[in-house]
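Participant: What follows is a single structure, and I will ask about it in a moment.
The values are calculated or read from the model by the stated rules, or taken from the named source; none is laboratory data. The shown structure was predicted, so the numbers you read here are calculated from the model rather than taken from an experiment. Cβ placement follows ideal geometry from the backbone for every residue including glycine, while neighbour counts extend to all protein chains displayed. Surface areas here come from the heavy atoms of the whole protein model, side chains and all, with no ligands, DNA or RNA. Shrake-Rupley method; radii C 1.70, N 1.55, O 1.52, S 1.80 Å.
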Amino acid sequence: MGRIMVNVDVMMAKRKMSLSELAERIDITPANLSILKTGKARAIRFSTLEALCRELRCQPKDLLEYINDED
Amino acid sequence: MENCKNKKIKRLWALYGTFFVIVMITLGLFLSDVLITNDRADLAEFRAQQESLNLTAMRSTDLKSAASEYIFDIPIENPNDSAVMLLARVNGYDIVISTADDQKLESPYQTLTFIFQCIWVSCLVLVFVFVFVILYSFYKSIKQGTVFQKKNIRWITLIGVLFLVMTLSIDIAKYFEHQYVLQFLQGTSVEVDGRFYINFVRILSGLLILFVAELFKIGSDIQEEQDLTI
């Protein structure tokens with residue numbers, strides 16, 4: 001059984017950006033960004049992913065990672 | 001969006017009002033029935049007769065006669081139009097059981113009937129209370145913008161289960177009541193049908209309520225999915 005890990009916190013640390021600042025830039029609430037960061041989100045919209053990539057100056061592959069639990 | 005929410009709240013208030021009016025009418029009819037029955041002169045004579053019988057038990061049953069001779073047509077005089085013939089058909093009895101010795105009337109069926117009657121009356125009261133509660137809960141949920149809440153699902157499920165328990169309790173109480181009367185009618189010329197009957201319409205209503213609860217569960221899952229889509 002695998003899962004998708006969201007590495008937003010890693011990219012935020014690299015860009016030295018706080019959660020509230022990023023939330024404001026991509027126009028979502030800090031609570032929703034926190035859900036995304038902690039991996040509780042069920043899905044992510046393309047528009048959110050696009051905004052994250054734009055503000056964090058990265059590619060989707062830098063934010064999302066597939067983890068296979070069986071490995 | 002706000003306009004849509006206001007419309008929903010208005011519809012809910014209309015539903016709330018209708019339910020309240022139904023409860024009041026039912027209560028009014030019940031009370032007026034009690035008061036009118038007490039005032040009726042012919043019933044006063046009937047009551048006096050019962051008192052003279054040293055009445056200790058009375059069962060108002062809708063027992064169906066098994067023997068066809070007990071289901072007969074009684075002609076009713078029709079002064080307005082003689083061409084139209086009216087007939088009344090007997091399909092139930094009010095059986096009065098009277099004895100000087102109270103012990104002869106004691107039976108486990110009486111206790112069982114009482115227990116199930118208590119259960120169904122309790123369930124009925126709870127259903128009415130919960131319907132009031134759930135309509136208010138819906139009103140609050142619509143204002144908050146989330147109807148498919150876990151607590152709403154719990155209330156609906158509870159109403160459905162109570163409705164089913166109530167239906168079964170009514171039928172079981174009726175069955176035991178019939179059995180109680182039947183034990184006195186054994187060996188008499190009266191043959192009655194004391195079989196167990198289930199009110200399928202009420203059972204279906206209970207199942208429909210549970211079905212609505214299931215729909216709400218699906219709605220809740222969809223809403224959760226939506227909330228967790230960032």
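Participant: Can you list residue pairs whose Cβ atoms sit under 6 Å apart, with the first residue in region A:20-44 being in contact (Cβ under 8 Å) with a residue 12 or more places away in the chain and more than 7 Å from chain B (Cβ to nearest Cβ) and the second being charged (D, E, K, R) and open to solvent by 40 Å² or more (accessible area, probe 1.4 Å)? Count only pairs 6 or more apart in sequence or on different chains.
Facilitator: From region A:20-44, the pairs are A:Lys37/A:Asp9.
Participant: Only one of B:Leu158, B:Leu164 is open to solvent by 70 Å² or more (accessible area, probe 1.4 Å), out of contact with any strand residue (DSSP E or B) (no Cβ under 9 Å at 6 or more places or on another chain) and at pLDDT 90 or above. Can you tell me which?
Facilitator: None of the others qualify; the one that does is B:Leu158.
Participant: For region A:30-62, enumerate the residues that are open to solvent by less than 70 Å² (accessible area, probe 1.4 Å), over 17 Å from A:Ile4 (Cα atoms) and not hydrophobic (A, V, I, L, M, F, W, C).
Facilitator: Of everything in region A:30-62, those that are open to solvent by less than 70 Å² (accessible area, probe 1.4 Å), over 17 Å from A:Ile4 (Cα atoms) and not hydrophobic (A, V, I, L, M, F, W, C) turn out to be A:Pro30, A:Asn32, A:Glu55.
Participant: Separate question: Quick check: anything in region B:98-106 of a type outside the set (A, V, I, L, M), assigned by TED's automatic domain parsing to the domain that holds B:Leu208 and closer than 29 Å to B:Ile198 by Cβ?
Facilitator: yes
Participant: Next up: Name the pairs: first residue in region B:217-230 and facing chain A (nearest Cβ under 10 Å), second residue among the basic types (Lys, Arg), Cβ to Cβ under 8 Å, at least 6 apart or on different chains?
Facilitator: B:Glu224/A:Arg42; B:Glu225/A:Arg42; B:Leu228/A:Lys40; B:Leu228/A:Arg42; B:Thr229/A:Arg42; B:Thr229/A:Arg45; B:Ile230/A:Arg45
Participant: Moving on. Any residue at all in region B:58-78 that is crowded, with 16+ Cβ neighbours inside 10 Å, among the polar types (S, T, N, Q) and at pLDDT below 80?
Facilitator: Yes, region B:58-78 contains at least one residue that is crowded, with 16+ Cβ neighbours inside 10 Å, among the polar types (S, T, N, Q) and at pLDDT below 80.
Participant: Going residue by residue through region B:132-155, is there one that turns out to be in contact with a Gly (Cβ under 8 Å, 6 or more places away or on another chain), touching a residue at least 60 places away in the same chain (Cβ under 8 Å) and surrounded by fewer than 17 Cβ atoms within 10 Å (Cβ to Cβ)?
Facilitator: So far as region B:132-155 goes, yes, one or more of its residues are in contact with a Gly (Cβ under 8 Å, 6 or more places away or on another chain), touching a residue at least 60 places away in the same chain (Cβ under 8 Å) and surrounded by fewer than 17 Cβ atoms within 10 Å (Cβ to Cβ).
Participant: Residue under question is A:Asp69, and the condition is that it be out of contact with any Pro (no Cβ under 9 Å at 6 or more places or on another chain), open to solvent by 50 Å² or more (accessible area, probe 1.4 Å) and either away from every other protein chain (no Cβ under 14 Å) or of a type in the set (A, V, I, L, M) (or both); does it hold?
Facilitator: yes
Participant: Given the criterion closer than 20 Å to B:Leu12 by Cα and either in a helix (DSSP H, G or I) or touching a helix residue (DSSP H, G or I) at 6+ places or on another chain (Cβ under 7 Å) (or both), identify the matching residue among B:Phe176, B:Phe116, B:Phe132.
Facilitator: Testing whether each residue is closer than 20 Å to B:Leu12 by Cα and either in a helix (DSSP H, G or I) or touching a helix residue (DSSP H, G or I) at 6+ places or on another chain (Cβ under 7 Å) (or both) leaves just B:Phe132.
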